[in-house]
Amino acid sequence: DGGITQSPKYLFRKEGQNVTLSCEQNLNHDAMYWYRQDPGQGLRLIYYSQIVNDFQKGDIAEGYSVSREKKESFPLTVTSAQKNPTAFYLCASKLGPGYENYGYTFGSGTRLTVV
Amino acid sequence: GDSVTQMEGPVTLSEEAFLTINCTYTATGYPSLFWYVQYPGEGLQLLLKATKADDKGSNKGFEATYRKETTSFHLEKGSVQVSDSAVYFCALRGSQGNLIFGKGTKLSVKP
């Protein structure tokens, strides 16, 4: 079955360390997205990528980095510069331009806790 | 800029009660509108959508009608079940093609 896989489901990090969250999709979707979810805040866009080797900052990109070397993969690195990284992170994808009305497909999320 | 406003939660209902979750939006033109549902510990799933004014989206007993006059897309269900307990997000397609989400409304249904 096609879908988006995020791993790991739970991740613990010590302060000052970088950590990378994995997101892989086999839906042949062109666009991929990273959101951060905090209680009472809804979903906030971190980064997105419309095509391979290209990505744009979202609303809260500071302290995060991404890469898009393959269509299937869009890893997110949470760097030590991110002041408050403890959150639930969601990856999503969709077909490319012209398919905006199809909505997004989401992964099951990674809960990151800084200890 | 584009934005979505949802009613504050949490909403607590008894089984078989009628559900309404209000959603209004601010946007240029008439963007596509969506409702997503998130069950505990999971990602979001598309529940229903409407792509133009006066469209009604429906799925699993839930309905929402795109009202351009009131810029609203309220979610309704005639008889909720315990299994409907989740967080519900209203969203619109922004001018750049990205989805813009409301803050979510938590629904708890008691037996």
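The values are calculated or read from the model by the stated rules, or taken from the named source; none is laboratory data. Remember, it's a predicted structure, so these values are computed and weren't measured experimentally. Reconstructed Cβ throughout: ideal geometry from the backbone, glycine too, with neighbour counts over all protein chains shown. Heavy atoms of the whole protein, side chains included, go into the accessibility calculation; ligands, DNA and RNA do not. Shrake-Rupley method; radii C 1.70, N 1.55, O 1.52, S 1.80 Å.
Below is a table of values for the structure above.
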{"quantity": "Boolean, B:Y25 is of a type in the set (F, W, Y) and either open to solvent by 40 Å² or more (accessible area, probe 1.4 Å) or over 25 Å from A:G3 (Cα atoms) (or both)", "calculated": "yes"}
{"quantity": "Residue check for B:E16: open to solvent by 50 Å² or more (accessible area, probe 1.4 Å), more than 28 Å from A:S7 (Cα to Cα) and not in a strand (DSSP E or B)", "calculated": "yes"}
{"quantity": "Contacts under 7 angstrom Cβ, first residue in the stretch A:94-115 being facing chain B (nearest Cβ under 9 Å) and at pLDDT below 90, partner open to solvent by 40 Å² or more (accessible area, probe 1.4 Å) and in a loop (DSSP other than H, G, I, E, B), 6 or more apart", "calculated": "A:N101/B:T51; A:Y102/A:L95"}
{"quantity": "Cβ-Cβ under 9 Å pairs, at least 6 apart or on other chains, the stretch A:13-28 side under 20 Å from A:Y99 (Cα atoms) and open to solvent by 20 Å² or more (accessible area, probe 1.4 Å), far side modelled with pLDDT under 95 and assigned to a loop (DSSP other than H, G, I, E, B)", "calculated": "A:N26/A:D1; A:N26/A:G2; A:N26/A:G3; A:L27/A:G2; A:L27/A:G3; A:L27/A:L95; A:N28/A:G2; A:N28/A:L95"}
{"quantity": "Scope the stretch B:15-45; condition of a type in the set (D, E) and more than 13 Å from every other protein chain (Cβ to nearest Cβ); matching residues", "calculated": "B:E15, B:E16"}
{"quantity": "Any chance B:Y36 is open to solvent by less than 60 Å² (accessible area, probe 1.4 Å) and within 15 Å of A:L43 (Cα to Cα)", "calculated": "yes"}
{"quantity": "Condition broken by A:N84, with the remaining ones in (1) in contact (Cβ under 8 Å) with a residue 40 or more places away in the chain; (2) within 15 Å of A:Q37 (Cα to Cα); (3) open to solvent by 60 Å² or more (accessible area, probe 1.4 Å) satisfied", "calculated": "(1)"}
{"quantity": "Matching residues in the stretch A:29-58 - criterion: being at pLDDT 95 or above and open to solvent by 70 Å² or more (accessible area, probe 1.4 Å)", "calculated": "A:N53, A:F55, A:K57"}
{"quantity": "In the stretch B:30-48, the residues that are assigned to a loop (DSSP other than H, G, I, E, B) and touching a residue at least 60 places away in the same chain (Cβ under 8 Å)", "calculated": "B:P31, B:S32"}
{"quantity": "Some residue of the stretch A:50-65 being more than 15 Å from the chain's Cα centre (by Cα) and under 23 Å from B:G41 (Cβ atoms)", "calculated": "no"}
{"quantity": "Index of the failed condition, B:S3 passing every other in (1) farther than 19 Å from B:T105 by Cα; (2) within 14 Å of chain A (Cβ to nearest Cβ); (3) open to solvent by 30 Å² or more (accessible area, probe 1.4 Å)", "calculated": "(1)"}
{"quantity": "Qualifying residue in the stretch B:52-64 (condition: assigned to a loop (DSSP other than H, G, I, E, B), open to solvent by less than 20 Å² (accessible area, probe 1.4 Å) and either in contact (Cβ under 8 Å) with a residue 24 or more places away in the chain or more than 22 Å from B:G9 (Cα to Cα) (or both))", "calculated": "no"}
{"quantity": "Qualifying residue in the stretch A:65-73 (condition: in a loop (DSSP other than H, G, I, E, B) and under 25 Å from A:F12 (Cβ atoms))", "calculated": "yes"}
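Residues are listed down the side, and each one gets a yes or a no for (1) more than 12 Å from chain A (Cβ to nearest Cβ); (2) free of Cβ contacts under 8 Å to residues at least 40 places away in the same chain; (3) closer than 21 Å to A:I4 by Cα; (4) open to solvent by 20 Å² or more (accessible area, probe 1.4 Å):
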{"residue": "B:A50", "(1), (2), (3), (4)": "no, yes, no, no"}
{"residue": "B:E69", "(1), (2), (3), (4)": "yes, yes, no, yes"}
{"residue": "B:F73", "(1), (2), (3), (4)": "yes, no, no, no"}
{"residue": "B:G78", "(1), (2), (3), (4)": "yes, no, no, yes"}
